[in-house]
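The structure under discussion appears below in the form of structure tokens.
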Amino acid sequence: MAQLNTQIPSTNLPDGRPIPTLGYGTGTAWFKKAGDSTLDSKLVESAKTAIKLGYHHLDTAEAYNTEVELGAAIRESGVPRTKLFVTTKVLGGVNDIPKAISASLEKLGLDYLDLYLLHNPYFAKSDEQLQGAWKAMEEAQHSGKAKSIGVSNFSKSHLEVILQTATIPPAINQIELHPYLSRQELVSYLREKNIAIAAFAPQTPLTRAKGGPIDELLTSLAEKYKVGPGEILLRWCIDQGFVPITTSSKDERLREYLRALGVKLERGEVEKITSLGTQKHYRAFWTKNFDPEDPS
């Protein structure tokens, strides 16, 4: 029987800093349109609940327009800042990263970020522009405003560009990752370069891509371990060394996800999920930047 365990363990980023192995995200279900300054009180309450449940790895982004809500939840939670791991991402402000990080910190009500990410590489019209943005990220780390820096939605080609000139390599690449988009070549490259991997949209086979070749196996494993299929998907990530970022507008679902911490899949079970997952290809995000059947 899986035990509820609100002590989410940490793993180390390549730069030596600890990162909790399961994160709470404020995108997708909570996303607000740019310019919408209305405080989403439901998100504040959900994030407070998540923090109290033990989700101390908190993920937001400039583009989600939810930094203010997360900041309010952090203040109201009463949990010391030193116990939290806060990530945000820069996109719209990428041409002035010093200004962008200061704006994000102000919205969050924080003095520093644990992790600051380039949200995607697609803003760059040239290799030099991408390298320049990464240099500004390095300066953000040197300033103390970001303890660690990384990227999101970067493919191998984008990483090769910034690694040509980087003095600080990205600590992590946060990418869409689930059994229907297992990105095995990119994962191998990231491991080779000692770049950690965070997985967003890990529940895709149960949500946007419902009905597929892993359904029966998920059900079987959920019964075996006495958890839900969603927790099996989280374990598929964690047992491969990925850091899943999950979210829900339902408090009970957040509680259920924590049950994933009380089980561990066998290596063969992880491999079987991956193998069956290759029978279906589904990409939920950034689809216009990839060919329809591109598995990378």
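Each reported figure results from applying straightforward, stated rules to the coordinates on display, with no laboratory input. Treat the numbers as computed from the prediction; the structure is a model and nothing was measured. As a convention, Cβ positions derive from the backbone with ideal geometry for all residues, glycine included, and neighbour counts pool all protein chains shown.
Quick check: residue separation of residue 96 and residue 220 times 0.36 nm, minus the Cα distance between them. What number comes out in nm?
39.6 nm
For residue 125, go through the lysines and keep the ones whose alpha-carbon is under 24 Å away, minus same-chain ones fewer than eight residues off.
Within the straight-line cut-off, residue 125 pairs with 89, 99, 135, 156, 288.
Tell me whether the chain comes out rounded, prolate or oblate; compute the Cα gyration tensor, take square roots of the eigenvalues as a ≥ b ≥ c, and use a/c under 1.5 as the rounded threshold.
Here the chain falls in the oblate category.
Name the shape class, rounded, prolate or oblate, that the alpha-carbon gyration tensor gives for the stretch 128-238, where a ≥ b ≥ c are the square roots of its eigenvalues, rounded holds for a/c under 1.5, and otherwise prolate holds if a/b is larger than b/c and oblate otherwise.
In terms of gyration-tensor shape, prolate.
Report, for the stretch 17-170, the % of DSSP beta bridges that are antiparallel, rounded to 5.
0
Using helices alone, what [θ] at 222 nm do you get for the chain, with -39,500 (n - 2.57) per DSSP H run of 4 or more residues, divided over all residues and rounded to the nearest 500?
Working: 10 runs with 108 residues, N = 296.
So the calculated ellipticity at 222 nm is -11000 deg cm²/dmol.
Taking the DSSP beta bridges in the chain as the whole, what percent of them are antiparallel, to the nearest 5?
Roughly 15 percent of the beta bridges in the chain run antiparallel, per DSSP.
In whole angstrom, and with the biggest value first, how far do the Cα coordinates of the stretch 17-170 range along each principal axis?
43, 33, 25
Under 5 Å between amide H atoms, partner at least 5 residues away or on a different chain: which partners does residue 57 have, H built in plane at 1.01 Å?
Residues meeting the amide H criterion: 24, 85.
Each residue of the stretch 266-271 in order: what ³J(HN,Hα) in whole Hz does its phi give by Karplus 6.51 cos²θ - 1.76 cosθ + 1.60, θ = phi - 60°, with x for Gly and Pro?
Using θ = phi - 60°, the values come out as 6, 4, x, 5, 4, 5 Hz.
What distance in nm lies between label points placed 7 Å from Cα along the C-beta direction at residue 135 and residue 17?
With each label placed 7 Å out from Cα toward Cβ, I get 2.2 nm.
Using only Cα atoms, locate the centre of the stretch 143-190 and the centre of the stretch 275-294, then give the distance between them in Å, rounded to an integer.
19
How large is ³J(HN,Hα), in whole Hz, for each residue of the stretch 116-133 in order, when computed from phi with the Karplus curve 6.51 cos²θ - 1.76 cosθ + 1.60 and θ = phi - 60°, using x for Gly and Pro?
10, 10, 6, 5, 7, x, 7, 5, 6, 8, 7, 4, 5, 5, 5, 5, x, 5
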